1. Using DSSP to call loops (not H, G, I, E or B), can you name the trypsin sites (Lys or Arg not before Pro) in segment 174-214 whose Cβ has at most 14 other Cβ atoms within 10 angstrom?
2. To the nearest 0.05, how large is the calculated FRET efficiency for residue 174 and residue 126 if R₀ is 35 Å and r is the Cβ-Cβ distance?
3. Hey, rough spin-label estimate for residue 167 and residue 197, points 7 angstrom out along Cα→Cβ, what's it come to in nanometres?
4. Over the Cα atoms of segment 101-235, compute the convex hull volume and normalise it per residue, giving Å³.
5. Please get the size of the charge dipole for the chain, origin at its Cα centre, with Cβ charges of +1 on Lys and Arg and -1 on Asp and Glu, quoted in debye to the nearest 20.
6. Bin width 10 Å, alpha-carbon pairs only: give the P(r) of the chain as whole percents, running from 0 to the bin holding the largest distance.
7. Counting other C-beta atoms within 10 Å, and keeping those with at most 14, which DSSP coil GluC sites (Glu not before Pro) do you find in segment 113-218?
8. At 7 Å along the Cα-to-beta-carbon direction for both residue 213 and residue 13, put a label point, then send me their distance in nm to one decimal.
Amino acid sequence: MELNEIIDFIKKNDITGYQIAQKTGLTEVGVNKILNGTSKNPRKSTLITLAEFLRNYYGLKSNNTELDTLPKEEVLQNKNGNKFKELENGKFIMTVPLVPAKAYATYISECCEGETIDGFNEVNFYVDQYARGNYVAFEIKGDSMDNGGLYDNPEGCITLCRELGKQHWRDGFRDAQYGWIIVHQDTILCKDIIEQDLVNGIIKCHSRNTSPEYPDFEVNLNEVKQIFKIIKRTF
């Protein structure tokens, strides 16, 4: 199949291999090989992915009938609305709603009582498997969880989070490599949970930034709407 139209469109719109890789699950190296002509005969599945990406994000209208009639790839969706597109290697592109820092208050008031999350942009993550839980991405606000460590969360990073249902809170909170997102009735926190009083429903939250302005503090679970475990991040 001729690639000239796709390549010309990408270059004309200054779309980078990195942008394509972030949205599609294709590798940046592989995309760049196509763009610079090193890969002259990519697989049909790659063409489908590229065509869908350009249609969905840039409104590509092709003069190539075969390109226009490429089949759409099947997208799975769990009961929470998270979407999964399976790749040839058996991995998935997972699409979840993104809660930016500026929209914390909106999320607290409108979207965390079991209602469908509408009105937010979405973000993609490369994951190993289809999952049935409730996944949401949160943008990190502030630097309280950044002390320069490998698993810290600097301001602005995007975290993929899996909700821990309230029925499991009384079972305790295990260590989380990247920490927890705690949707409090007044704010959204990113913290480690270092102590738990499960009888009285109290948790102690800890910041990784060692500055004295970030002391440990307690949170009453009766004031918490949701708790998410951070399982993946992008920067």
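1. On the way: sites: 174, 191, 204, 208; in loops: 174, 208.
Hits after loop and neighbour filter: 174.
2. Details: r = 25 Å, r/R0 = 0.70.
Plugging the Cβ-Cβ distance into 1/(1 + (r/R0)^6) gives 0.90.
3. About 2.8 nm, to one decimal.
4. Working: hull volume 16.2 nm³, N = 135.
For segment 101-235, the hull spanned by Cα atoms encloses 120 Å³ per residue.
5. Numbers: 28 positive and 34 negative charges, 150 e Å.
Here the chain has a charge dipole of around 720 debye.
6. 7, 28, 29, 19, 12, 5, 1
7. Details: sites: 113, 115, 122, 139, 155, 163, 195, 213, 218; in loops: 113, 115, 155, 213.
Filter output for segment 113-218: 113, 115, 155, 213.
8. Once both label points are built, they end up 4.2 nm from each other.
The values are calculated or read from the model by the stated rules, or taken from the named source; none is laboratory data. A quick note: this is a predicted structure, and the numbers were derived from the prediction, not measured. Glycine also receives a Cβ, built like all others from the backbone with ideal geometry; neighbour counts cover every protein chain displayed. Heads up: the accessible areas ignore ligands, DNA and RNA and are worked out on the full protein's heavy atoms, side chains in. Shrake-Rupley method; radii C 1.70, N 1.55, O 1.52, S 1.80 Å.
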